1. Can you pull the one-decimal nm distance between simple spin-label points at T20 and F7, each 7 Å off the Cα toward Cβ?
2. What's the extension gain from A211 to L38 if we count 0.36 nm per residue and subtract their Cα-Cα distance?
3. Would you mind calculating the gained length between A147 and N90 on full extension (0.36 nm times residue separation, minus the Cα-Cα distance), in nm to one decimal?
4. Once fully extended, how much extra length lies between V162 and A201, figured as 0.36 nm per residue of separation less the alpha-carbon to alpha-carbon distance?
5. All other residues with a Cβ under 11 Å from the Cβ of A81 taken together, and with Lys, Arg as +1 and Asp, Glu as -1, what is their net charge?
6. Label L74 and S139 with points 7 Å out from Cα along Cα→Cβ: what is the distance between them in nm?
7. What is the calculated FRET efficiency for A64 to L154, with r their C-beta to C-beta distance and R₀ = 22 Å, to the nearest 0.05?
8. Give the long-range amide H neighbours of V145: residues separated by 5 or more places, or on another chain, with amide H under 5 Å away, using H modelled in the peptide plane at 1.01 Å from N.
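Every number here is computed from the coordinates shown, using simple stated rules; none is lab data. All of these numbers come straight from a predicted model, not from anything done at the bench. Reconstructed Cβ throughout: ideal geometry from the backbone, glycine too, with neighbour counts over all protein chains shown.
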Amino acid sequence: MLGIISFPLFVGATFLLNITPGPDTAFVVGRSVAQGRLAGALSALGIGAGSVIHSLACAFGLSAILAASPSAFLLIKILGALYLMYLGINLLRASWRQRHHHTEGTAPVAAPPMSPKRLFMQGFITNLLNPKVILFFLSFFPQFVAADSQHTSLAFLLLGAVFVVMGTAWNLLVAMVAGSLSQRMSGNQRLKCWLDRVVGAAFIGLGVKLAS
């Protein structure tokens, strides 16, 4: 079918890759814990939209061109790392403010919830600016397309669609679980503060790792 080979193996590998924790999962968990299931779901949809762009770029050769340009690839790498660190620092600052008010005995000033558009766009940008996603698509997808296929672009698009659907479904599940946890601990500001710190530190660590 369109030159696709070992399709069941592709589905199995995609499942395992999706459940492996990474920047996307960390971002969905962070948004779900901070604002609930809907926020996590919107973030997951944004990440899925980013994967759609990566799939299209891979299918039409744009990813290969980008990966072959050291300066362009380095720019995306730096921007992606800085963006993750920016998100992490914001979470740490928010947790510090909550802790500061708790220590002084004053009511914490809750950060205004992000708009649906901003939640979606943050997920989209987080995925789009991850250079490892570009390299992943370029190295992973060709393993499941025959070298003599006359429909390479269509094959990449189909594999990309499967990858996006499975990845989005997993991230939505993560959002539901993390959002439920957030609701249960809504009255425990200290626990929420520590979770924000953990997720914020994870974002900063991922950003540093991405830049290295």
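1. 2.4
2. Working: separation 173, 0.36 × 173 = 62.28 nm, distance 3.06 nm.
Roughly 59.2 nm would be gained on extension.
3. Fully extending the segment from A147 to N90 adds 15.9 nm.
4. On the way: separation 39, 0.36 × 39 = 14.04 nm, distance 3.18 nm.
Taking V162 through A201 to full extension adds about 10.9 nm, to one decimal.
5. Numbers: positive: K77, K132, K209; negative: none.
Local net charge: +3.
6. The answer from the label model is 2.1 nm.
7. Calculated value: 0.85.
8. Hits under the 5 Å cutoff: I5.
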